[in-house]
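This report concerns only the one structure given below.
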Amino acid sequence: MTTPTIVLGIGQAGCRMVNDLNKLVEKEGKQEYFRYITLDTNGADLDDESPEKANITKIKLQKPARYWVRDRQEFFYLDESLELETEEGTGQKRPVSRYHLDSGQFRSYVDRIESAIDGFERDIQKKEDADASIFYVWVLNSFGGGTGSGAFPLVGTLLRDVLDSDRYVVNGIGSLPRVDDLERERFDPEGQNQLYVNSYTALEELKSMVNYDHREDYEAPPVRIESGGTTTGMELKPKTRFGQSDPTFNKYWLVGYDEEEPFEAYRNRMNRIATNAVFYFAHKDQPEDFPYHDSVADETLMGISSVELSIQAERANRFLEKRDEIDRLETEIEEIESDIDDLGTAKDYLDAVLELTLSIDGEEGGSQERDGPVAEDLISGAKDARTDAFDPSTDLEEITISNYNADRGEVKDELDEILERAHDELDAYVRTPDELDTGETEYDATDVINKFYCKILYQTIENDELSSHEFKDVVDEIWSEYEAKIKDEYPNKFDAMENGTARGRWTMALAEFLPEYKRQQQEIADGTLRPVKKALAKRRSKNAEEAYERAKPLFDNYERLRTLKKLADETYRGADDNLSTDLATLRDVRSRKRNARREKNSDLGDAQEKLREYREKLRAGQRKEGKYQPPMENLDRLDYDDLHRVVSIGALIDESVVTEEAARDVLVDEPSEEDENSSESTDVDVHGMEVNIHELEERGLIDDSHKAKITEEMVTHPSIAHLIDKGILQREDIGRDMEALLESGFLTRDPIQDIRENPPRDVTPNAIVGFLMSDDNADPEGPAGNLMQLESDEGEFDIQDTLSAVADGTIDDPSPMGDGLSIRFITWFAPVALENTSEYGTMYRYYIEEDNDINQHLSTLTDEDVTRSFGYPELVEDEEVLRRLGDIDRLPPGHAPATEPVEEEEE
């Protein structure tokens, strides 16, 4: 059973720890049992480190600028040396962090915290499978920064003040920097030095909150609330239990930092330790005295560490993604190569079409071969179609002639009809867009027919019709007969007509002259009484009329043919231009496809190299501080189900995480054309499907908001045992790495008391080892048996014996977890002597001892800077520290300042 757990993350580090914990909780499907509250003075950090989740209450501590000038003088823990930051944050100033809470909005912050806790308690009480009799509360923060180290004492005291101590167990985890290498002056600039000053002052205050000295008369110290415009203040004080005052924190764990680790690695490890600890205790059946070990029952301050054996899940997932990328790239390259081949075929075809020029005399231009791309039937058909599709004597006779010009629209309509008949004859011999992959062109197969047919039609009209048209001969005869008269009638245009075409002679003179000459001769005949003259005039009038009637229909036919020839030529040239444009586009598309193939091949090479790199690293395994990852083999057998939770689609639908319609749209493939009439696709039972979460995310069925609703009951976890069964992990590798991890010292070496040579206090801490492990990995009947009981037939390793030896027999029972890809160990150490830590002991010595000055080692800071870094003087118990606080008027009302001890004079 999971103990309901409330986690407060304070400052950037605390929020980051909460985020890391929430990822594990969601992965385990336990989000209903956890509620988070994050507080920070920097809104950007709060947003970055604390995601928007239904079970996360984000509290931005607003800059308290309104009464700052007044309160800086009146609040005992502030003074005029302090300034608010111009931007967000506290500038690593612990008293300023306290003031962000202890300001005019204090009540609203308290209300939001109480509201979140009350709402969570109500939710738990509604759950049938939850125990609402006990709640764990954790406060997570770092000690070196400003917000976390400056606010956690007030938050912890507030929780103890408002919560029922019989039902709420308040614990804390704080991370420390290491300062055991002061000689190098590696802590400049001042901000780095302030990390260690903040850690020391926060630890000094923490001592009184956890009854560090184990005093029998201990009474938890109150924390004063100064806000509200009053200088008298009020006190928050932990409630008493069974007639005694509890410490502010039931248990407080410190996380140490090895300065040889890179900061990013430390930060990740710190998050992992806090995550594993909180999750471990939430799933542990505890007796009354948390965390239930006689050896630490009276200890409230402890160190904690965590190590784990896990597979390289992230790298393995990247390996699979890279493998998928390679498959995708190879498919894309094959498709591009096919496109290039198809485009090459299309280019060759259009090249041949454009190069080939047909002639009615049978001699074609270009290099068309008998077996070339252009069909012989198309060539011969284009020549034959002119006789089959067009009759010049009848097809044009209805076309209107106006102002010596054939109506272009009517001729165009006639040409369209002619081409339609030609297309019917020739379509079978032309390659269609479906037969040619013409890429991004606007290729139209009719352009090919139009190019060839209209060229032949043009030549036919020109050579067979217009060049020997009777109209020319008739005009020549008429011109010869009337040449002298025309010259007299049109002296200015005569030379042009004399040297011009038959059409020019007709349109410029004859078409007008003949009717006029007929009229003139008729008038002469009608106006004379002389018989000879009358007869001659009548004959001339009749000859002119006959000449006109003979030439006029011939001209009309000639003009219609001439217009048709012109439109055929325009259609031919338009088709040729279109095909040329198509060819240019084809070449451009083919060039781009070749460039794309080159880029894809380059990407493929990079991906293959990266895959080899992942494969080598997975096969090699790795051992980092606190995290051992065994080698993986037979990676071709690896798939996403081996790395990600597999979820029941039916459960997602039943719990309204997704709809059945959405699941069907995403998971059921559309039927192919031949299966369109089949009912098989509609009969697919999506309720019975089980799909890994990675695939559901990739296919867009779920996102982070859906994942937050997936509970443990809906999923099946992958496991190390399963990977052993598939041959991807080897039992011997697991055993060797597990034993090496247990013997490495990371598991049982106290990470906090780092002054190991001549420590100020002789303290030997007890190490208590617990672990998180999935049922699959603990199954004695599993492929490798219980992994915590692995032993080699050759005696190379014996995990149970090794664990007992390194933990000196103090091994806690395991807590169950769903994640089967890791085995996580949690070790807590007690007692802890702060004097044996560099954060407290070293800093205390340089700060307090008369012969030392902190400035000698933290070059940018002085002893007074250290004194002014205390955020809670009322929590300080050390007399020398109190004296120094009194010297700068930092003691709360009612605290008499300590005085310098007076040395007795010798008699």
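Structure data summary
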| quantity | calculated |
| --- | --- |
| Boolean, residue 49 is open to solvent by 20 Å² or more (accessible area, probe 1.4 Å) and in contact (Cβ under 8 Å) with a residue 12 or more places away in the chain | yes |
| So residue 790, is it more than 29 Å from residue 192 (Cβ to Cβ), crowded, with 20+ Cβ neighbours inside 10 Å and in contact with a helix residue (DSSP H, G or I) (Cβ under 6 Å, 6 or more places away or on another chain) | yes |
| Near pairs, Cβ below 8 angstrom, 6+ apart or cross-chain, from region 635-661 (under 19 Å from residue 700 (Cβ atoms)) to any residue that is among the basic types (Lys, Arg) and assigned to a helix (DSSP H, G or I) | 645/27 |
| Pairs with Cβ under 9 Å, 6+ apart, first in region 733-745 and within 8 Å of residue 309 (Cα to Cα) and in contact (Cβ under 8 Å) with a residue 24 or more places away in the chain, second open to solvent by less than 20 Å² (accessible area, probe 1.4 Å) and part of a helix (DSSP H, G or I) | 738/787; 738/788; 738/799; 738/802; 738/803 |
| All positions within region 147-160 that are in contact with a helix residue (DSSP H, G or I) (Cβ under 7 Å, 6 or more places away or on another chain) and either open to solvent by less than 10 Å² (accessible area, probe 1.4 Å) or among the polar types (S, T, N, Q) (or both) | 147, 148, 149, 150, 151, 153, 154, 156 |
| Subset tally (residues that are assigned to a loop (DSSP other than H, G, I, E, B) and open to solvent by 30 Å² or more (accessible area, probe 1.4 Å)) for region 757-785 | 13 |
| Conditions (1) modelled with pLDDT under 95; (2) farther than 26 Å from residue 275 by Cβ; (3) of a type in the set (Lys, Arg); number of the one not met by residue 98 | (1) |
| Residue, most open to solvent (accessible area, probe 1.4 Å), within region 398-438, restricted to residues that are assigned to a loop (DSSP other than H, G, I, E, B) and under 19 Å from residue 576 (Cα atoms) | 431 |
| Of residues in region 72-91 being open to solvent by less than 60 Å² (accessible area, probe 1.4 Å) and among the hydroxyl-bearing types (Ser, Thr, Tyr), the one nearest to the chain's Cα centre (by Cα) | 90 |
| Region 848-879, residues that are open to solvent by less than 50 Å² (accessible area, probe 1.4 Å), in contact (Cβ under 8 Å) with a residue 24 or more places away in the chain and part of a helix (DSSP H, G or I) | 848, 854, 866, 873, 874, 875 |
| Residues of region 104-147 that turn out to be in a loop (DSSP other than H, G, I, E, B), over 21 Å from residue 42 (Cα atoms) and not aliphatic (A, V, I, L, M), as a count | 5 |
| Failed item, numbered, when residue 495 is tested on (1) farther than 28 Å from residue 358 by Cα; (2) surrounded by 13 or more Cβ atoms within 10 Å (Cβ to Cβ) | (2) |
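The values are calculated or read from the model by the stated rules, or taken from the named source; none is laboratory data. Everything numeric in this text was worked out from a predicted model, so none of it was measured. Using ideal geometry, Cβ is built from the backbone for each residue, glycine included, and neighbour counts are taken over all protein chains shown. Just the protein is used for accessible areas: all its heavy atoms, side chains included, with ligands, DNA and RNA removed. Shrake-Rupley method; radii C 1.70, N 1.55, O 1.52, S 1.80 Å.
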